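Here the structure is laid out as structure tokens; the discussion comes afterwards.
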Amino acid sequence: MLHRVIPAPRLSVVIPLRDVAPYLPTLIATLRRTEGRAVELLFVDDHSRDATPEIAAAALDSFPNARLLHLDATTGLSAGRNRGLDEATAPVVTFLDGDDWIAPGYLDEAVDLFERRNVDVMRVDHTRVTGTRRQVVRNPVGVRGAPVDPRDHVLPVHRASVVEFPTAWGGFYRRGFLLDRRLRFAEELLTAEDRDWWWRVLLADGRMSFEDLNGYRYRRGVATSLTQIGDARQLHYFDSLERSLAAVSADRDADRFLPKLWRGYLAIILSQHRRGARLTPAARQEQRRRTASVLARVPSHLLHRTLIQMAGSDVEELRSLGLVVPNPETLQLGKRRALADVVPDVDPDAAAGGAAR
């Protein structure tokens, strides 16, 4: 009897799943077009209520190295990623979402690049898909194809930077780096988990590169996505940003980076407030309470660096929600730059501040 020899995996792909039966066959079909055989696939099902686990199980024989794992309890995307990270056996790991898909050869090209760069984190571009519309999304870092210190790309405060692109699936990671730095996902966060995690990755002093590689297809507007619902889980962006605030405040570059974090916090508060009609009445009331509490804590000595270049109307709206600006005229507010230079009100890919599924 001949036994199939499976090479040691160079890359582990963690794929958390929950109720993605309409989309999973597309992802599986594109995974079959992966050229190399040294790729480990880890499907992690979170108690799906549809045919998701059956579809994943039926596909296992199509791949030389694939497993279907099950979470012990329904705990969300973060728990699925953590379980996959624990079970992975390759030195490099990446994440896919079950309702997205990838281009042919993407994984093989990415792991080849990663090994050549000798970095801890490699970030790539992607394509955002909304219905039939496609848009290429590039990381806003000009240095490409060479290791950099990510701390050098956190600023400026009011221009989109590496901070505004926190999607876990937007990169490849040395597994030992994630484990050594305890860069796990916070399982209590059911949305916006990537934002907290990404800040901690940026502060972990790893070597990072940004590549002209675009093989990930991110699907917007999925009906089962948590970004589409209106209950209290949407408010986890507060908890994620509070975790980020604690991490940045304890960092050696806190004085430099806190204005950036507060600027993003205010932008997300504005965006979420304007979309508040989708929330249940109870969640909307809680959102207002937490918004006022956060705005009352914005450090007065950071107001100028945080608010300068914001639109005057945005500042006034923040004041109506509870932000204390003692002397708006002396801050010279409203001197906003061109729109393309300004930090977006929301992340490019997830309204709640991370890949919230």
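The values are calculated or read from the model by the stated rules, or taken from the named source; none is laboratory data. Keep in mind that this is a model prediction, so the values were computed, not measured. Cβ placement follows ideal geometry from the backbone for every residue including glycine, while neighbour counts extend to all protein chains displayed. What goes into the accessible areas is simple: the full protein's heavy atoms, side chains included, and nothing from ligands, DNA or RNA. Shrake-Rupley method; radii C 1.70, N 1.55, O 1.52, S 1.80 Å.
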request  = Answer with yes or no whether K335 is basic (K, R) and modelled with pLDDT under 95.
outcome  = yes
task = Consider only pairs whose beta carbons are under 7 Å apart and that are at least six residues apart or on different chains; among these, list those whose first residue lies in the stretch 44-70 and is open to solvent by 40 Å² or more (accessible area, probe 1.4 Å) and whose second residue is part of a loop (DSSP other than H, G, I, E, B).
result = H47/L71; H47/T74; R49/D19; D50/D19; D50/A21; A51/A21; I55/A21; S62/R32
key: Residue ID - surrounded by the most Cβ atoms within 10 Å (Cβ to Cβ), chosen from residues in the stretch 132-158 that are closer than 20 Å to G264 by Cβ and of a type in the set (A, V, I, L, M, F, W, C)   = V157
query = Any idea how many residues of the stretch 146-173 are in contact with an Asp or Glu (Cβ under 6 Å, 6 or more places away or on another chain), of a type outside the set (V, I, T) and in a loop (DSSP other than H, G, I, E, B)?
reply = 2
query = Looking at P281, is it in contact with a Leu (Cβ under 6 Å, 6 or more places away or on another chain) and not basic (K, R)?
reply = no
message = Regarding the stretch 272-283, can at least one residue be identified that is surrounded by fewer than 16 Cβ atoms within 10 Å (Cβ to Cβ), among the basic types (K, R) and under 17 Å from V162 (Cα atoms)?
response = no
request  = Go through (1) at pLDDT 90 or above; (2) under 30 Å from T75 (Cβ atoms); (3) open to solvent by less than 40 Å² (accessible area, probe 1.4 Å) and name the single condition P299 misses.
outcome  = (2)
note = The lone condition V141 fails out of (1) closer than 26 Å to T26 by Cβ; (2) touching a His at 6+ places or on another chain (Cβ under 8 Å); (3) in contact (Cβ under 8 Å) with a residue 60 or more places away in the chain is (1)
task = Would you be able to tell me the number of residues in the stretch 107-127 that are open to solvent by 30 Å² or more (accessible area, probe 1.4 Å) and either touching a residue at least 60 places away in the same chain (Cβ under 8 Å) or under 30 Å from P156 (Cα atoms) (or both)?
result = 5
ask   = Listed residues L261, L321, L270; which is within 15 Å of V157 (Cβ to Cβ) and either of a type in the set (V, I, T) or modelled with pLDDT of 95 or more (or both)?
value = L261
task = Return the only residue of D112, D108, D50, D100 being of a type in the set (D, E, K, R) and within 18 Å of the chain's Cα centre (by Cα).
result = D100
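Might you check whether a residue that is farther than 16 Å from V154 by Cβ and crowded, with 19+ Cβ neighbours inside 10 Å occurs anywhere in the stretch 246-253? Spell out the reasoning first.
Applying the first criterion (farther than 16 Å from V154 by Cβ) to the stretch 246-253 yields 246.
From what is left, the residues that are crowded, with 19+ Cβ neighbours inside 10 Å are none.
Checked against the condition, which is being farther than 16 Å from V154 by Cβ and crowded, with 19+ Cβ neighbours inside 10 Å, the stretch 246-253 yields no hits at all.
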ask   = If you go through the stretch 5-20 one residue at a time, do you hit one that is exposed (fewer than 14 other Cβ atoms within 10 Å of the Cβ) and touching a helix residue (DSSP H, G or I) at 6+ places or on another chain (Cβ under 9 Å)?
value = no
query = For G76, are the conditions met, namely being at positive phi, out of contact with any Gly (no Cβ under 7 Å at 6 or more places or on another chain) and of a type outside the set (D, E)?
reply = yes
query = Would you call T34 in contact with a His (Cβ under 7 Å, 6 or more places away or on another chain), of a type outside the set (D, E, K, R) and assigned to a loop (DSSP other than H, G, I, E, B)?
reply = no
